[in-house]
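Single-structure report; data block below.
The values are calculated or read from the model by the stated rules, or taken from the named source; none is laboratory data. Owing to the predicted nature of the structure, the values given are computational and were not obtained by experimental measurement. Note that we place each Cβ from the backbone using ideal geometry, even for glycine, and neighbour counts take in every protein chain shown.
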Amino acid sequence: MWFWLALGSAVFAALTSILAKIGIESVGSNLATAIRTTVVLVMAWGMVFLTHQQDGIKSISQRSWIFLILSGLATGASWLCYYKALQSGSVSKVVPIDKMSVVFTLVLAFVFLHEEVTLKSAIGCLLIGAGTLLMVL
């Protein structure tokens, strides 16, 4: 199941880029990000109530709150940078650079989460980096 959800994530992320590029044509990037974030907020809370998970809020630990808030701040910073980049750059160059997050994530997972780096994942990181360079140069 995780594979299909991840694939759906990739398809929706692709649609996000195309729809955003069209949508920010005459809108400031910060305003566009705020509108997008409001829609995401409504959708996320809608899913919480639809799946009856709202009572779980009481059992969230302080540590989880801190890291979820930090994650939200990182997401906000990412989206603000992404929309500003999309506004002035072409989608075909902005998106590959944005997807370098895969490489950064694997490195950070190794450093902070002590996840294993396999030969396969190291080669994959190198190929993603090389592919990104090929696409943006």
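Just a few scattered comments:
- Residue identified as outside the structural domain of residue 11 (by TED's automatic domain parsing) and of a type in the set (Lys, Arg) among 21, 120, 84: 120
- Per the conditions (1) at pLDDT below 95; (2) of a type in the set (Phe, Trp, Tyr); (3) more than 15 Å from the chain's Cα centre (by Cα), the sole criterion not satisfied by residue 12 is (3).
- Residue satisfying all of: in region 107-137; in contact with a helix residue (DSSP H, G or I) (Cβ under 9 Å, 6 or more places away or on another chain) and among the charged types (D, E, K, R); surrounded by the fewest Cβ atoms within 10 Å (Cβ to Cβ) among these: 116
- Residues satisfying the criterion are present in region 75-89 (criterion: loosely packed, with under 11 Cβ neighbours inside 10 Å and over 13 Å from the mean Cα position of the chain (by Cα)).
- Matching residues in region 90-101 - criterion: being loosely packed, with under 14 Cβ neighbours inside 10 Å and over 10 Å from the mean Cα position of the chain (by Cα): 90, 92
- Neighbours by Cβ (under 7 Å, 6+ apart or cross-chain): first from region 91-120, farther than 30 Å from residue 24 by Cα; second of a type in the set (S, T, N, Q) and assigned to a helix (DSSP H, G or I): 106/121
- Matching option when the condition is over 30 Å from residue 89 (Cβ atoms) and surrounded by 10 or more Cβ atoms within 10 Å (Cβ to Cβ), among 27, 48, 40: 48
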